[in-house]
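As structure tokens, the structure follows; a few thoughts come after it.
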Amino acid sequence: MHAVTLPRAPRHACRGLLLALVALAAAPPAMTRADGREAPATPVRLVDHVRPLAKAMLERPREAAQVLEGPAVAAMRNDRSPGRTWMARLGGTTFRVTTQDASKVGVEHVLEQVQRLPARYRRCLEIVSEPQKDGVAIYADLQGAAAHGSQDYLNMIPAANVFVVLHEAGHILEQRATSRKPGILARWATAAAADRISVSEYGDSITHEDQAEFALVHGIALDAGPEHLEALKALSPRRFALWEEILALAAAPAPGAAEPPGAPKDRPAKAKAPKG
Ligand SMILES: [Zn+2]
């Protein structure tokens, strides 16, 4: 008798992410009790430092993304279900958007969130739009996850916002960097321990989620301005330096530079099969 083979779970099924991100744009927790006395000390995490900046990130005016072509009829890569696909451009970044018909959303829904991405993070859109990939793909349901991100796909549910994209950019860019220089996540674990501060509760679960949550926190600080980036660097210097290295290895453009040396965009990376 054959055992039933269950479909292999994608490597990064970010299940706890959505609730955390909905909470991110909400007001920070009160630090004093109703009676005015100081509340007991609560653990301070990096996400607490950027939480007050998150709402402004959603409200700031943005450069508009443009649809270049589409829609064309498509079969979704996860399950061959019917969908539509477009090519779009945001500044100098060209990328694909694919939506499952059952998701009931189109390209505009995706662009509204994606166009909030800081320029350095847009490299993740190019990576998931390489040949044979769906680009930013929206599914009606991802079995309870908010999103799945790897250098082979960026799948999200319709409710996922720019904070989800920043987190998944962490996975996408780390995998691309690791395919060029192995051992990054082991170094990340060392860096996180040395920094002696948690990124977020969700990040505490496992090293690659700590790293993706740092990408989220860094993206919010980057968008808010240099002083916020400096503050983050002071709080978590070793993660900060390693994330800069990952961005360079993944060929995310440095501020003011067209292309970091030694990391050509056109060199094909070895595609890595998702691991369960
Ligand atoms: Zn994740």
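A short reminder: the numbers here are calculations on the coordinates, not readings from a lab. Note that this is a predicted model, so its numbers are computed, not measured. In this analysis, Cβ positions are derived from the backbone assuming ideal geometry, glycine residues included, and neighbour counts consider all displayed protein chains.
Residue-level check: of (1) assigned to a helix (DSSP H, G or I); (2) crowded, with 20+ Cβ neighbours inside 10 Å; (3) within 15 Å of the ligand (Cβ to nearest atom); (4) not β-branched (Val, Ile, Thr), residue 239 misses just (3). Could you grab the pairs with beta carbons closer than 6 Å, sequence gap of 6+ or different chains, first residue in the range 170-182 and touching a residue at least 60 places away in the same chain (Cβ under 8 Å), second one in a loop (DSSP other than H, G, I, E, B) and more than 15 Å from the ligand (Cβ to nearest atom)? Note: pairs meeting the criteria are 173/250; 176/250; 176/269; 177/250; 179/269; 179/270. If you go through the range 96-138 one residue at a time, how many are under 24 Å from residue 54 (Cβ atoms) and polar (S, T, N, Q)? Selection size over the range 96-138: 2. Quick check on residue 117: is it outside any helix (DSSP H, G or I), of a type in the set (A, V, I, L, M) and either more than 16 Å from residue 252 (Cβ to Cβ) or in contact (Cβ under 8 Å) with a residue 12 or more places away in the chain (or both)? Considered against the rule, which asks whether it is outside any helix (DSSP H, G or I), of a type in the set (A, V, I, L, M) and either more than 16 Å from residue 252 (Cβ to Cβ) or in contact (Cβ under 8 Å) with a residue 12 or more places away in the chain (or both), residue 117 comes out as yes. Only residues that are basic (Lys, Arg) and part of a helix (DSSP H, G or I) were counted across the range 164-206, and they come to 3.
Select from the range 140-163 the residues that are closer than 27 Å to residue 55 by Cβ and assigned to a loop (DSSP other than H, G, I, E, B) and list them in ascending order. Passing the criteria: 142, 144, 145, 146, 157, 158, 159, 160, 161. A search for C-beta distances below 6 Å between a residue of the range 50-62 that is in contact (Cβ under 8 Å) with a residue 60 or more places away in the chain and within 13 Å of residue 163 (Cβ to Cβ) and any residue that is surrounded by 13 or more Cβ atoms within 10 Å (Cβ to Cβ) and of a type in the set (Gly, Ala, Ser), counting only pairs 6+ apart in sequence or on different chains, returns 50/221; 53/224; 54/25. Filtering the range 179-209 to residues that are more than 15 Å from the ligand (Cβ to nearest atom) and hydroxyl-bearing (Ser, Thr, Tyr) leaves 179, 190, 198.
When the range 164-204 is filtered for residues that are farther than 18 Å from residue 238 by Cβ and not charged (D, E, K, R), the ones remaining, listed by number, are 164, 165, 166, 167, 169, 171, 172, 175, 179, 182, 202. Taking residue 169, is it within 16 Å of the ligand (Cβ to nearest atom), among the small types (Gly, Ala, Ser), farther than 22 Å from residue 241 by Cα and touching a Gly at 6+ places or on another chain (Cβ under 9 Å)? The answer is no for residue 169.
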